[in-house]
Amino acid sequence: MASSAGDEGSRGPQSNEEVIEEITKDLKSSCIRGASRASTDGPWDVEERDGVDDDAQDADAPPAEDVDEELLKDRDLLLTESEREALKCQAESLKQVGNDLFKSGEYVQAISRYTQGLQTCPLAFSNERSILYANRAAARAKCQPEKDSAIADCTKAIELNSSYVKAYIRRAQLYEETDKLDEALEDFKKVLTFDSSHTEANYAVRRLPPLINERNEKLKAEMLGKLKDLGNMVLKPFGLSTNNFELQKDPNSDGYSVKFHQNPM
C-alpha cells in the first residue's frame, strides 16, 4: 500500500482522499464476502469463516495495541459511507479469524485479532463493536492475568448494547471468579429481566446469597479480631484487656451496652 520514499518525493504529500483510497482499496473483496454472511456472536456461537486472506491468519503476528476511540472518531469523520461499510466488513473478517483462533485455543492471538477488528470497525456500528468486545472478553477470560481486562471488555460490550445477555453472563462469571460476589449477583439478576427462564441465572440468584452472607460473616469476624487485638494493645498498660468488657444487647432497643468485669474468667 505504501509508496517508496522516492515516489513520495516526486508526487508530493498525499491528500486525505488519496490516503483513504489506499486504506480501503484492498478491502473491497473482503466486503463482498462479509456482506453475504450474517454476523454471529463468536466464541459463544461461532460461524464458520469463508475466504479470509492468508495474511490475516498469521498467528505469529504480535498482539495489537488497544483501542483509541478518539483517534477512531477523527478517522471516521473522513470516511464516506461506502468506506465505512468496507471497514466494517474488514472488521468482520478479523472477527472470524479471531473466532477460529479461539476455537483452536490460541487465545492470545485471538485477542490480537479482535483488537484489530475494534481498531478497524467504525464507531457507528455499535452492535458489531459490542460483539467484538464480548468476544475479546471471552478470549481474555481464558488468560489468568487478563480477568480484569475481560470484565472491562464485557462492560464496554454492555455499554454498546444494554440488552446483551451473553455479555452480562460472561461478566457475572468473571465477577464470581474474582470474588466479586455482589456484582456477580446483580448481573445474574439483570439477566433475568431479559430472560426469566435463564437456567444459570436462576440457579445463581439462589446460590450466591448464602455465599455472600458467609463471606460477610467471615469478614466481620476478622474485623472484630483485629479490633480486639488493637483494644488489648491500648488497654495493656492499664492492666486490662478486652476480656474485661462484655457487650450486652438490649432486647427492647436493639442497642448494646458495655458491662465491665474486674476479674474476667
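State whether region 73-131 is rounded, prolate or oblate according to the following rule on the C-alpha gyration tensor (a ≥ b ≥ c being the square roots of its eigenvalues): a/c under 1.5 gives rounded; otherwise a/b larger than b/c gives prolate, and the remaining case gives oblate.
prolate
At a 10 angstrom cut-off on C-beta neighbours, averaged per residue, how do the peptides 90-98, 78-86 rank from highest to lowest?
Top of the packing list down: 90-98, 78-86.
Based on the mean of other beta carbon atoms within 10 Å per residue, what is the order of 149-156, 135-142, 195-202, most packed first?
Details: 149-156: 21.8, 135-142: 26.1, 195-202: 13.0.
So the peptides 149-156, 135-142, 195-202, ranked by packing, come out 135-142, 149-156, 195-202.
Per 10 Å bin, what is the whole-percent P(r) computed from every C-alpha pair distance within region 154-220?
Taking every Cα pair in region 154-220, the percentages come to 23, 52, 21, 5.
Where the only charges are on Cβ atoms (+1 Lys, Arg; -1 Asp, Glu), what is the dipole of region 115-226 about its Cα centre, to the nearest 20 debye?
Taking the Cα centre of region 115-226 as origin, the dipole is about 80 debye.
Based on alpha-carbon atoms only, what is the radius of gyration of region 86-236 relative to the globular estimate 2.2 N^0.38 Å?
Its radius of gyration relative to the 2.2 N^0.38 Å reference: 1.36.
Just going by the charge dipole of region 65-155, with Lys and Arg at +1 and Asp and Glu at -1 on Cβ, which of ALA141, LEU72, GLN116 is farthest out on the positive end?
ALA141
Please list, in order along region 206-222, the HN-Hα scalar couplings obtained from phi with the Karplus expression 6.51 cos²θ - 1.76 cosθ + 1.60 (θ = phi - 60°), rounded to whole Hz, x for Gly and Pro.
Working through the residues one at a time gives 8, 7, 6, x, x, 5, 5, 5, 4, 4, 5, 5, 5, 5, 5, 5, 5 Hz.
List the residues whose amide H sits under 5 Å from the amide H of CYS121, counting only those 5 or more places along or on another chain, with H placed 1.01 Å from N in the peptide plane.
The list, which skips near neighbours in sequence, is empty: none.
Using label points projected 7 Å from each Cα along Cα→Cβ, tell me how many nm separate MET233 and ALA221, to one decimal.
2.3
For a quick protection proxy, order the peptides 120-126, 103-109 by their average other-Cβ count within 10 Å, most packed first.
Put in order of decreasing packing, that is 120-126, 103-109.
Starting from the Cα-Cα distance between PHE194 and LEU77, subtract it from 0.36 nm times their residue separation and give me the gain in nm to one decimal.
Working: separation 117, 0.36 × 117 = 42.12 nm, distance 3.54 nm.
Here the segment from PHE194 to LEU77 would lengthen by 38.6 nm.
Could you state the principal axis extents of the C-alpha atoms in region 118-201, from the largest down, to the nearest angstrom?
Cα spread of region 118-201 along its principal axes, largest to smallest: 34, 30, 17 Å.
Read the figures in this text as sums done on the coordinates, not as results from a lab. Computed from a predicted model, the values in this text were never measured in an experiment. Glycine gets a Cβ as well: all are built from the backbone with ideal geometry, and neighbour counts include every protein chain shown.
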